[in-house]
């Protein structure tokens, strides 16, 4: 027992001291103005809490959305923190965050909390949240299809070098008709009708030019898309043609990983707006086909449905170009995180990225990583104890190496490669691959 307690104490110290590379969030540095969200009202009106609040009778959807953010926050505070105990993970997260900042949520004094946040400097507040969370770098979600965000990039915004850009392509792959209009407005000569796209070389080349321009403009470290559960590949859908002819060849040329976040069913309840998305089991055969057909591409993948997790682990054992990351969205609850992390360790060892925060508000970094570290301490302590019983006593250096891998090191290793040298000879030509 003393040896086991000493082992758990070592694991705790190492996990708490290891900085995190948070590879996927929806955060922006303060230079992005109103796109950088923080503060008590933003925390309370986070879409997790909005969906939870509407489980209880009260204000109508129309009245809620018509109200200013402070009134919405007041109602959520009353429903979830005054009338009831904040037992859900999202509510507990608010309590953890406030407590870590030296504030007492139990006083139930929302006005005083607002006063404290109003006194904070945005730049210093980002620093403090990152320090309390133990986060060294933050992966953003960057969409050139979003006019508000695009305006910052086009003005040459100076980005905090702790923030890592990721080029998001949901409209390009999932809503080509509208995306093509935006591309044309941006000066790219593309067709709207993608029937027989594989022979439309001009459109494909323009899409590749768009990808090149924006990957360079934002200094993207990977390319990403969030996919519905019924996404299929190969198919005759525009998404298949664009992946085959433009996106994946571009990613291979630039050695940029392609991140797929699989299983979100958009707008199950549109009246909840951003809070209205749901989850369904994905058909992972599309991923299998992609990993098999594009062995030189790197795929970063997370799935939203619990039912997909074992299949995804087994697939990662079969394809070296597949890296699993995070317990995404509805999976970001301690009980599910614990089970997922145990299973991944048992099937994959420390070759995956345990978590990404998916934070939308800067303050959330604090609770999401504090809660994640507790899960990791528990799981790793058990696994190292099992290993010790088997006759292998882990040393502190072993634990430090493993924890670093799980909190971002494996992601770095997976992404790492020499800078590609692009010439006309080694660029992948349009039409070189077939569905």
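Of the residues 226, 239, 282, only one is more than 16 Å from residue 168 (Cα to Cα), in the same structural domain as residue 333 (by TED's automatic domain parsing), surrounded by 21 or more Cβ atoms within 10 Å (Cβ to Cβ) and touching a strand residue (DSSP E or B) at 6+ places or on another chain (Cβ under 9 Å); which?
282
Given the condition under 21 Å from the mean Cα position of the chain (by Cα), surrounded by fewer than 20 Cβ atoms within 10 Å (Cβ to Cβ) and modelled with pLDDT of 95 or more, answer yes or no: does some residue in segment 246-257 qualify?
Scanning segment 246-257, I find at least one residue that is under 21 Å from the mean Cα position of the chain (by Cα), surrounded by fewer than 20 Cβ atoms within 10 Å (Cβ to Cβ) and modelled with pLDDT of 95 or more, so the answer is yes.
From the list 408, 391, which one is part of a loop (DSSP other than H, G, I, E, B), at pLDDT 95 or above and assigned by TED's automatic domain parsing to the domain that holds residue 300?
391
With the requirement that a residue be free of Cβ contacts under 8 Å to residues at least 60 places away in the same chain and surrounded by fewer than 22 Cβ atoms within 10 Å (Cβ to Cβ), what does segment 261-279 give you?
Within segment 261-279, 265, 266, 267, 268, 269, 270, 277, 278, 279 qualify.
Residue 191 versus (1) assigned to a loop (DSSP other than H, G, I, E, B); (2) modelled with pLDDT of 95 or more; (3) surrounded by 14 or more Cβ atoms within 10 Å (Cβ to Cβ); (4) assigned by TED's automatic domain parsing to the domain that holds residue 359: which is the lone unmet condition?
(2)
Of the residues that make up segment 7-23, is at least one within 29 Å of residue 127 (Cβ to Cβ), touching a helix residue (DSSP H, G or I) at 6+ places or on another chain (Cβ under 9 Å), at pLDDT 95 or above and not assigned by TED's automatic domain parsing to the domain that holds residue 151?
No, the conditions are met nowhere in segment 7-23.
Within segment 194-245, can you find the residues that are out of contact with any helix residue (DSSP H, G or I) (no Cβ under 6 Å at 6 or more places or on another chain) and in a strand (DSSP E or B)?
220, 221, 222, 224, 227
For the list (1) more than 21 Å from residue 357 (Cβ to Cβ); (2) modelled with pLDDT of 95 or more, I need the number of the one condition that residue 108 fails.
(2)
Being under 24 Å from residue 332 (Cα atoms), assigned to a helix (DSSP H, G or I) and in contact (Cβ under 8 Å) with a residue 40 or more places away in the chain is the filter here; which residues of segment 99-143 pass it?
Passing the criteria: 100, 126, 129, 130, 132, 133.
Could you tell me which of the residues 201, 206 is surrounded by 16 or more Cβ atoms within 10 Å (Cβ to Cβ) and either more than 21 Å from the chain's Cα centre (by Cα) or at positive phi (or both)?
Going through 201, 206 in turn, just one is surrounded by 16 or more Cβ atoms within 10 Å (Cβ to Cβ) and either more than 21 Å from the chain's Cα centre (by Cα) or at positive phi (or both): 206.
Quick one: residue 346 ticks every box in (1) under 23 Å from residue 330 (Cα atoms); (2) without any contact (Cβ under 8 Å) to a residue 60 or more places away in the chain; (3) in contact with a helix residue (DSSP H, G or I) (Cβ under 6 Å, 6 or more places away or on another chain) bar one, so which box is it?
So residue 346 meets the others, but not (3).
The values are calculated or read from the model by the stated rules, or taken from the named source; none is laboratory data. These figures come from a predicted structure and were not determined experimentally. Don't worry about glycine lacking a Cβ; one is built from the backbone with ideal geometry, like all the others, and counts go over all protein chains shown.
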